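The values are calculated or read from the model by the stated rules, or taken from the named source; none is laboratory data. Because the structure is predicted, anything quoted here is derived from the model rather than measured. Positions of Cβ are generated from backbone atoms using ideal geometry, with glycine treated the same way; all protein chains shown enter the neighbour counts.
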Amino acid sequence: MRVIVRIQAREKKLREDGRPNRGLAALGSAITAPMALVSFFLCAWRWAVDLEWFPGFLVAEGMLSHWQMWFVSGTVWQALAVMLRRYAESGEADGSEAVASAELLRKELP
């Protein structure tokens, strides 16, 4: 007996007019990228404590006291940021909301 299961992923529409909300994906990417940076910083800090370069770390015991957990966390946040950014930028050229959101995120502060 053979069972074949087919799973089809559909793009969820977050707006009522049927278009995907790429602006929300751009915002999510802008939020998750700094979270990845913080996780990598905590990973480096914990690694430095393990090498006895620094006296102590924020978390002394438990799962979050290991540098590997912070490294994996940073990698997951970074992968999520990249996926959201690619999704936000893959929209149609006439989707003014997605283009405006992406341009707003790219502007540099004076």
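I'd like the full set of residues that are more than 18 Å from G23 (Cα to Cα), at pLDDT 85 or above and not aliphatic (A, V, I, L, M), limited to segment 58-107.
E61, S65, H66, W67, Q68, W70, F71, S73, G74, T75, W77, Q78
Please work out which one of (1) within 23 Å of the chain's Cα centre (by Cα); (2) exposed (fewer than 14 other Cβ atoms within 10 Å of the Cβ) is the condition W53 fails and give its number.
Single failed check for W53: (1).
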